[in-house]
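Report on one structure; see the data block that follows.
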């Protein structure tokens, strides 16, 4: 359900000075000096360090709704060494008839007997997600109202942005996402599955 995206490198330039000193017993000569530049490319890198294998399971009857908010689970935790901070994007990645492991842009819960589309209003079956909480070693911002139940986006869309580190050189941020499902009375019974992919993007 999770993926990590690396962004192009940051350039760190180190200068080393090479000096030649005359031997004490040699004739007095002017010191020879020069410089060389050593270039080290340090790539911004991010890693999920907790909570990225979580699977939410709900069981409910037709005409009922449920959420995962009562589940106990580790938050998703991400650490990046980016000096500009990072953002987390979300996109639907549900399976379908031809993509058993998931496909970018698929936002419905899928079953061989039917689908449950993403949504927050109406009388039909629907499911939604939200960012329930976030923390950071620096600043953070939950974006675009995703702190309330929202449609699962069909293109990668930012849900949380984490600010630049203050002194450590890296940022650690967490987020918890929860899911809400409503099943109408005429929804076919069966096991429906869906996925949301979370993508880490270095801020520029």
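Only the coordinates and a few stated rules stand behind these numbers; no lab work does. Keep in mind the model is a prediction, meaning the values are calculated, not measured. Here the Cβ positions follow ideal geometry from the backbone for every residue, glycine too, while neighbour counts run over all protein chains shown.
Mind sorting 168, 111, 184 by how few other Cβ atoms lie within 10 Å of their own Cβ, fewest first? Can you show the working numbers first?
On the way: 168 10, 111 17, 184 14.
In order of increasing Cβ crowding within 10 Å: 168, 184, 111.
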| Using the Kirkwood radius built from alpha carbon pairs, what does the Stokes-Einstein equation give as D for region 81-204 at 37 °C and 0.692 mPa s, in µm² per second? | 212
| query | Would you list 162, 198 from fewest to most Cβ contacts within 10 Å? | reply | 198, 162
| request: Mind ranking 116-122, 32-38, 60-66 by how tightly packed they are, going by the mean number of other C-beta atoms within 10 angstrom, highest first? | output: 116-122, 60-66, 32-38
| said: Modelling each spin label as a point 7 Å along the Cα-to-Cβ direction, I'd like the residue 65/residue 112 distance in nm, to one decimal. | reply: 3.1
| remark: Listing 151, 71 by rising number of other beta-carbon atoms within 10 angstrom, fewest first, gives 71, 151
| query | Rounded to the nearest 0.05, what FRET efficiency do residue 191 and residue 170 have when you use their Cβ-Cβ distance and R0 = 41 Å? | reply | 0.50
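Working out 0.36 nm times the residue gap between residue 38 and residue 104, then minus their Cα-Cα distance, what length gain in nm do you get to one decimal? The partial results should precede the final answer.
Numbers: separation 66, 0.36 × 66 = 23.76 nm, distance 4.18 nm.
That pair, residue 38 and residue 104, stretches by 19.6 nm at full extension.
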